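None of the figures in this text is laboratory data; all of them are computed from the coordinates on show. This is a predicted model, so every value here is computed, not measured. Here the Cβ positions follow ideal geometry from the backbone for every residue, glycine too, while neighbour counts run over all protein chains shown.
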């Protein structure tokens with residue numbers, strides 16, 4: 001699930017291959033509408049699809065000349081980013 005709170009996108013619940021497509025589509029719409037932060041404090045389960053979705057959201061933000069900060073990265077996501085060598089691409093707030 002994804003929801004908008006002001007300029008913040010909140011991702012809640014599991015983010016896996018089963019539901020990442022919908023989360024990504026909603027996230028892109030929010031970025032285009034001016035969201036500037038993605039909060040993951042409520043993510044309950046994840047796989048590498050969350051990392052891929054975040055990279056896509058960051059790319060979308062650049063395309064529309066916006067910055068996007070990430071907050072409350074789950075430990076599993078940080079581990080995946082380190083494993084794939086992309087931790088420096090994640091702008092942590």
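Things worth noting here:
- Of the residues making up the range 65-88, those that are under 21 Å from residue 30 (Cα atoms) and surrounded by fewer than 13 Cβ atoms within 10 Å (Cβ to Cβ) number 2.
- Applying the criterion of being over 17 Å from residue 80 (Cα atoms) and in contact with a strand residue (DSSP E or B) (Cβ under 6 Å, 6 or more places away or on another chain) to the residues of the range 33-64, the residue that is surrounded by the fewest Cβ atoms within 10 Å (Cβ to Cβ) is 42.
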